[in-house]
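The block underneath contains the structure these notes are about, expressed in structure tokens.
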Amino acid sequence: MAIDKTVETNILRYHFVEKWGPHTIAKQLGVHHYTVSRVIRQAGCPAPVKVSKPSIIDPYKKYIHELLERHPRLTAQRIYQMLTERGYSGGPSHLRHYIAQVRPKRNAEAFLKLKVIPGEQAQVDWGHFGHITIGKARRPLMAFVMVLSYSRQLFVKFYLNHRMGNFLRGHRAAFNTFGGVPRVILYDNLKSAVLERYGDAIRFHPTILDLAAHYHFEPKPVAVARGNEKGRVERSIRYIRDNFFSARSYSDVNDLNKQAQTWCQETANRRKCPGSDLTIEQAYEQERGLLLALPDTPFQDEDVETVKASKSPYVRFDLNEYSIPHMHVRKALIVRADGHKVRVFDGTVQIARHQRSYDKGATIEDPEHIATLRKAKRHARTHSKQFQLVQAVPTIETLLVKAGQRGYNLGRLVQQLIALLEQYGRAELSEAVGEALQHDSIHPNSLQQILQRRKDQCGKLPTPPLKLQHAQAQNIAIQPPTLEAYASLTDRDEQRPRLEARTGEQYDEL
């Protein structure tokens, strides 16, 4: 590269007059020292001859050359380890520099310029554009890019991940925008398209095969590590990054996609088409009529995932929880989600539908699901012992609240209160609970003492309610027992002391 004549003059003056070295001159003039050396050589000064000095690598050079001939891609770090085992005591940096000089170089590869006919081919790839924060979630911002190879017509749409559902939705949106389908689509070897590959043996993702069958195109992956075969989409991603995304502000992904659509129509697609005098728009008008027609029905591009509902009426999908009817807990369910809604199925029956959330740890509920669950819980509670106890003696609810605050075992306390209710009846227990609450004495032993004291004061035994479990036993008439037999026994006991006294008097007379 030519330099300013003034700089060249100063270089020669500093070298021949001031006797400065090339590095000093380069630092003084702000140029590279190679430039200074070139100007000095062109002025007739011979290039300095490097004097070779003995190096610690010298005994190992022959071994290094032989090793690189057999294994040209062997790393410098591995060679350093092998030389260390053979007595090399030098450092790795000097050895790495020498290996870089003597390693066999690849022959420069020439590439043919790819020619395609209109409507024949498109190229697809993902581009990563950093991350975006939504609530507590930090999600990747991915751009789906499709380019028509002949006209360079560009389609780009941003998504919050690169899952299969968004991959399919990107295809459908691109086909609708282009107004047709190319006959061949080139892919990189990404997992959304290619599951396995051994040379030319390729196993495509079954969903991509379904997509290709629906739109009648041929999916074709490029060779491994051959990015030049889909250079049109690679350059388009770089163009999007530099010309559109750089220093751009947006409120959310929807706003970013609206700006991207406007940019494609007004900026990207109005460029000159490479190798032609036409613009991309004009070339696309020639290609559009040669694309395959769109099918009558759209392709189903939802994310489908099998989930297991736990004991709570929620299913987890994409970092969030969505409510379901409580009758479907503990079941394997199917979640179908697109970019805006989430649907839950039990088999083929839809049981829930929600707006999709891209937050993290959010709980999305249908008020009807929660209201139905609460109603079912209230209905079940009417059959519990605690509910029946509170219905019989309403003041017991206050006693139970205080007992819970003091750390009592509520289950055991309920059992003890039910036993007292069966033994003393509703009225007596209600009076006892009221007295216990008045004295702030809520232990079951206190209630037992109060009930016993009230029984002693009344002088009569409590009449426990009769409980008959069998339905036929309700019609049995029970006759009260007669007490005449017990009265005769009482009279006999009263006569015994008088007989004993009379017998004692007879013994005294003797």
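The values are calculated or read from the model by the stated rules, or taken from the named source; none is laboratory data. Predicted, not measured: the structure shown is a model, and the values here were computed from it. Note: ideal-geometry Cβ built from the backbone for every residue, glycine included; neighbour counts use all protein chains shown.
Hey, among the residues in segment 153-203 that are within 29 Å of the chain's Cα centre (by Cα), surrounded by fewer than 15 Cβ atoms within 10 Å (Cβ to Cβ) and among the charged types (D, E, K, R), which one's modelled with the lowest pLDDT? So the residue we want is 197.
A single entry from 344, 304 fulfils the requirement of being closer than 30 Å to residue 216 by Cα and either not assigned by TED's automatic domain parsing to the domain that holds residue 252 or not in a loop (DSSP other than H, G, I, E, B) (or both): 304.
Would segment 365-386 turn up any residue that is small (Gly, Ala, Ser) and more than 30 Å from residue 425 (Cβ to Cβ)?
For segment 365-386, residues small (Gly, Ala, Ser) and more than 30 Å from residue 425 (Cβ to Cβ): present.
Residue 326 meets all of the listed conditions (1) under 26 Å from residue 138 (Cα atoms); (2) touching a residue at least 24 places away in the same chain (Cβ under 8 Å); (3) of a type outside the set (D, E, K, R) but one, namely (1). Would you say residue 129 is surrounded by fewer than 20 Cβ atoms within 10 Å (Cβ to Cβ), at pLDDT 95 or above and outside the structural domain of residue 337 (by TED's automatic domain parsing)? Spelling it out, residue 129 is indeed surrounded by fewer than 20 Cβ atoms within 10 Å (Cβ to Cβ), at pLDDT 95 or above and outside the structural domain of residue 337 (by TED's automatic domain parsing). In this entry, residue 147 passes the filter for residues that are over 29 Å from residue 305 (Cβ atoms), at pLDDT 95 or above and crowded, with 21+ Cβ neighbours inside 10 Å. Candidates in segment 323-351 are the residues that are of a type in the set (A, V, I, L, M) and touching a Pro at 6+ places or on another chain (Cβ under 7 Å); of these, the one that is farthest from residue 173 (Cα to Cα) is 329.
Against the list (1) under 45 Å from the mean Cα position of the chain (by Cα); (2) buried (at least 19 other Cβ atoms within 10 Å of the Cβ); (3) at pLDDT below 95, the condition residue 64 fails is (1). Whenever a residue of segment 13-30 is within 16 Å of residue 46 (Cα to Cα), its partners that are among the small types (Gly, Ala, Ser) and surrounded by 12 or more Cβ atoms within 10 Å (Cβ to Cβ), lying with C-beta atoms within less than 7 angstrom and at least six residues away or across chains, give the pairs 22/37.
Scanning segment 384-395 for residues that are surrounded by 13 or more Cβ atoms within 10 Å (Cβ to Cβ) and either modelled with pLDDT of 85 or more or not in a helix (DSSP H, G or I) (or both) turns up 393, 395.
Check every one of the helices (runs of 4 or more DSSP H) wholly within segment 172-267 and list those with 3 or more residues that are out of contact with any strand residue (DSSP E or B) (no Cβ under 8 Å at 6 or more places or on another chain) and either polar (S, T, N, Q) or not assigned by TED's automatic domain parsing to the domain that holds residue 161 (or both). Once the helices (runs of 4 or more DSSP H) in segment 172-267 are filtered for at least 3 residues that are out of contact with any strand residue (DSSP E or B) (no Cβ under 8 Å at 6 or more places or on another chain) and either polar (S, T, N, Q) or not assigned by TED's automatic domain parsing to the domain that holds residue 161 (or both), what remains is 253-266. Before we move on, is residue 138 within 34 Å of the chain's Cα centre (by Cα), surrounded by fewer than 11 Cβ atoms within 10 Å (Cβ to Cβ) and not hydroxyl-bearing (Ser, Thr, Tyr)? So residue 138 passes the test.
Residues are listed down the side, and each one gets a yes or a no for (1) of a type in the set (Lys, Arg); (2) free of Cβ contacts under 8 Å to residues at least 60 places away in the same chain:
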| position | (1), (2) |
| --- | --- |
| 173 | no, yes |
| 183 | yes, no |
| 187 | no, no |
| 208 | no, yes |
| 213 | no, yes |
| 218 | no, yes |
| 235 | yes, yes |
| 251 | no, yes |
| 258 | yes, yes |
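Within segment 123-139, the set of residues being basic (Lys, Arg) and under 20 Å from residue 260 (Cα atoms) comprises 139 only.
Residues in segment 407-442 that are over 54 Å from the mean Cα position of the chain (by Cα) and loosely packed, with under 14 Cβ neighbours inside 10 Å: 5 in all. If you check 253, 222 for being over 26 Å from residue 137 (Cα atoms) and aliphatic (A, V, I, L, M), only one passes: 222. Would a scan of segment 282-289 turn up a residue that is within 20 Å of residue 167 (Cβ to Cβ), exposed (fewer than 14 other Cβ atoms within 10 Å of the Cβ) and of a type in the set (D, E, K, R)? No: segment 282-289 contains no residue that is within 20 Å of residue 167 (Cβ to Cβ), exposed (fewer than 14 other Cβ atoms within 10 Å of the Cβ) and of a type in the set (D, E, K, R).
Quick one: would you say residue 198 is within 24 Å of residue 116 (Cα to Cα) and not small (Gly, Ala, Ser)? Criteria not met by residue 198.
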